[in-house]
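Engineer: Can you read through this structure? Questions will come right after.
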Amino acid sequence: MGKAFDPSLIVDFIPTLIYYLGVTLQILAASVLLGMVIGIAAAILRVFRIPVLNQFVILYISFIRGTPILIQLFLVFYGLPAILLFINIDISRMNALYFVIITYALNNGAHFAEIFRGAIKAVDYGQTEAAYSVGMNDSQNFFRIVLPQAVRIAFPNIANSIIGSLKDTSLAFTIGVMDMMGRGETLIAATAHALEVYLSLAVIYYAVVLLFEKIFRLYEKRINRHHSVDVSVTG
């Protein structure tokens, strides 16, 4: 059992925990950027039904969506070093932070792939016909006409996915990463005030999510300023 609840400790714990917010945001930023690359590439393979690769992407997305991210984290943390040892590459001493980033990048990539695939299909085909009529080839049409519009369409879902990923980063401590949650666990071990620590973490995460939502709404309004469709980001 923990010690008697002391609300004043929440104020004391918040500065200690927020010091590690940078690690959490570093995980989020790196995994989202890599996830975007993976997601767009996977979406292209799905949309154009590239033989073999399309089936591989379908399996990848299905596996990611069908398994808990905590299991994925352990599979990457223990499995990737074991696989690479077969080709004499030893990454067993690699910083656990990189395993977390790899895991979340793969997880985000699968979700972004489905978001982008739907957004690409939602772009009016008349835009493609217009591009062809002025002499653009397939590549120019996709990257200059279709993809920019798909990003705009996909943005609300991407924003929600990023917010969800921020909250999921709280699992990084399970493989030894000293982020906010990891520091919180050490505080609990040292003080036995678990409730106060978790309330402090809740306040910080909630504040960051509210800030992200505000930023995403402003950016969404900006990219949609020439369009009448009004879509909102929800947490």
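Engineer: Restricting the search to region 79-107, which residues are under 19 Å from SER31 (Cα atoms), of a type outside the set (A, V, I, L, M, F, W, C) and open to solvent by 60 Å² or more (accessible area, probe 1.4 Å)?
Structural biologist: Answer for region 79-107, where residues must be under 19 Å from SER31 (Cα atoms), of a type outside the set (A, V, I, L, M, F, W, C) and open to solvent by 60 Å² or more (accessible area, probe 1.4 Å): ASN95, TYR98.
Engineer: Criterion first (out of contact with any strand residue (DSSP E or B) (no Cβ under 7 Å at 6 or more places or on another chain), open to solvent by 30 Å² or more (accessible area, probe 1.4 Å), without any contact (Cβ under 8 Å) to a residue 24 or more places away in the chain and not hydroxyl-bearing (Ser, Thr, Tyr)) does GLN140 satisfy it?
Structural biologist: In short, yes.
Engineer: What pairs come out if I take residues in region 176-205 that are closer than 25 Å to PHE99 by Cα and pair them with residues that are assigned to a helix (DSSP H, G or I) and of a type in the set (Lys, Arg) whose C-beta lies under 9 Å away, six or more apart or interchain?
Structural biologist: TYR205/LYS167
Engineer: Tell me the residue from ASP12, ASP6 that is touching a residue at least 24 places away in the same chain (Cβ under 8 Å), open to solvent by 50 Å² or more (accessible area, probe 1.4 Å) and more than 21 Å from ILE158 (Cβ to Cβ), please.
Structural biologist: The match here is ASP6.
Engineer: Tell me, which residue of region 108-137 that is among the acidic types (Asp, Glu) and part of a helix (DSSP H, G or I) is least open to solvent (accessible area, probe 1.4 Å)?
Structural biologist: The selected residue is GLU114.
Engineer: For ILE44, state whether it is modelled with pLDDT under 95, β-branched (Val, Ile, Thr) and open to solvent by 50 Å² or more (accessible area, probe 1.4 Å).
Structural biologist: The answer is no for ILE44.
Engineer: Moving on to the next point. Going by what's in this entry, would ILE71 be described as assigned to a helix (DSSP H, G or I), out of contact with any Lys or Arg (no Cβ under 9 Å at 6 or more places or on another chain), hydrophobic (A, V, I, L, M, F, W, C) and at pLDDT 95 or above?
Structural biologist: Taking the combined requirement at face value, the residue satisfies it.
Engineer: Next question, about the same structure. Identify all residues within region 177-203 that are β-branched (Val, Ile, Thr), under 19 Å from LEU166 (Cβ atoms) and surrounded by fewer than 19 Cβ atoms within 10 Å (Cβ to Cβ); write none if there are none.
Structural biologist: Within region 177-203, just VAL203 meets the criteria.
Engineer: Any idea which of LEU73, LEU34 is open to solvent by less than 30 Å² (accessible area, probe 1.4 Å), under 18 Å from the mean Cα position of the chain (by Cα) and touching a residue at least 24 places away in the same chain (Cβ under 8 Å)?
Structural biologist: LEU73
The values are calculated or read from the model by the stated rules, or taken from the named source; none is laboratory data. These figures come from a predicted structure and were not determined experimentally. Positions of Cβ are backbone-derived with ideal geometry, glycine not excepted, and every protein chain shown enters the neighbour counts. Note: areas computed on protein heavy atoms with side chains; ligands, DNA, RNA excluded. Shrake-Rupley method; radii C 1.70, N 1.55, O 1.52, S 1.80 Å.
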